[in-house]
Amino acid sequence: HFCYEVQMFKKLFKAYKGKEKDTGPARVISSPDQLNVNDIIVFKYRTELPKSLREQSLTVVSICGYEYESGVNKEISLKDQHGNIIYMSFENEDGKQTICLSLKISREKVLTLFNEDVFSDLFEDVQVELDVQKDVPEYEGWYAPKYIQIIKNATAYFYDRDPGKENLTEANDGKELIYHECESPDENFGVNVEVWSDGDTDVFLQVYIDGGVIEEMYPHA
């Protein structure tokens, strides 16, 4: 009986080791561009972050790509604990990583923050400076007092899939859009306007921030 039990134990141990070997090493995320759907990202407490994101955990819900003249950018959609969606993209320049966080806002909020006539000039052939006319407390830390338009009527293509898994510059099924961009004088904040072929218009408040604001990134179990 003892020999039989030893043999059974050896078989079980081998099976366990085989299973352990099959799963491979635990996935480690060292950069936000490695995030997958259902992964978790945690932000530090930083005053330069919007108040609603400080020390918060968000879940990756989708990944998409935008093709610009300069190349393809990955955009990650994050959901906070209240169900709000924050969009995150990033760039590396000279070894320094900058993160762009974007919050989509309604037409009502756009017209609370900005004068309607001045905002509509973003689409015209004139130089535009946007000044915030009335604060929106719920968007604290998301906007600057003043912006200058830096991009007007530029074309991009949207792909509803992860550009890290495919060379989207060779794809031809992108959804075309026209975009306009404004930037604060200190280059820490932006306003991005996307106009789609069906006339739908999306407006985003943007914060540009150092990649060091990320505390942790956890892979999905």
Q) Do you know the relative contact order of segment 71-163, to the nearest whole percent, from alpha carbon pairs under 8 angstrom that are 6+ apart? A) 20 percent
Q. How much length is gained if the chain between Q81 and R161 is pulled fully straight, taking 0.36 nm per residue apart and subtracting their Cα-Cα distance, in nm to one decimal?
A. 26.4 nm
Q) Ignoring ligands, DNA and RNA, what percent of the accessible area of segment 68-125 is carbon or sulfur (1.4 Å)? A) 38 percent
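May I ask for the Rg/Rh ratio of segment 50-144, computed from Cα atoms with Rh as the Kirkwood radius, given to two decimals?
1.00
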(Q) So if each residue of separation counts as 0.36 nm, and I subtract the Cα-Cα distance between E69 and V136, what length gain in nm does that give? (A) 20.7 nm
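Please state, as a whole number in µm²/s, the translational diffusion coefficient that the Stokes-Einstein equation yields for the chain at 25 °C and 0.890 mPa s, with Rh defined as the Kirkwood radius across alpha carbon pairs.
D, rounded to a whole number, is 124 µm²/s.
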Q | Environment charge at N73 (Cβ cut-off 11 Å; Lys +1, Arg +1, Asp -1, Glu -1) | A | -3
Q: Measure nothing fancy, just the Cα-based angle from helix 2-23's long axis to the longest principal axis of the chain, in degrees from 0 to 90, nearest 10.
A: 20 degrees
Q. Using Cα pairs under 8 angstrom and six or more residues apart, how large is the relative contact order of the chain, in percent?
A. 24 percent
(Q) Restricting to Cα atoms and excluding each atom paired with itself, what does the Kirkwood estimate give for segment 68-112 in Å? (A) 12.7 Å
Q: Mind putting together the pair-distance distribution for segment 159-213? All Cα pairs, 10 Å bins, whole percent per bin, short to long.
A: 19, 32, 39, 10
Q: Counting helices only, and only those DSSP H runs with n ≥ 4, report the 222 nm mean residue ellipticity of the chain as the sum of -39,500 (n - 2.57) divided by its residues, in deg cm²/dmol to the nearest 500.
A: -4500 deg cm²/dmol
**Q.** Unit charges at the beta carbon, dipole of segment 75-221: most positive-side option, V193, V118, I105
**A.** I105
Q | Magnitude of the charge dipole, segment 86-221, Cβ model with Lys/Arg +1 and Asp/Glu -1, debye to 20 | A | 180 debye
Q) Cβ under 14 Å from K109's Cβ, K109 left aside: what net charge do those residues give with Lys, Arg +1 and Asp, Glu -1? A) -3
Q) Taking K and R as +1 and D and E as -1, what net charge do the other residues with C-beta under 12 Å from the C-beta of S197 add up to? A) -3
Q.
Using a 7 Å offset from the Cα along the Cα-to-Cβ direction at both K109 and A171, what is the distance between the two label points in nm, to one decimal?
A. 2.7 nm
Q. Averaged per residue, what accessible surface does the chain expose to a 1.4 Å probe, in Å²?
A. 61 Å²
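The values are calculated or read from the model by the stated rules, or taken from the named source; none is laboratory data. Just so it is clear, the structure is predicted and the values come from calculations on it, not from any experiment. Virtual Cβ from ideal backbone geometry, glycine too; neighbours counted across all protein chains shown. The area values use the complete protein model at the heavy-atom level, side chains included, leaving out ligands, DNA and RNA. Shrake-Rupley method; radii C 1.70, N 1.55, O 1.52, S 1.80 Å.
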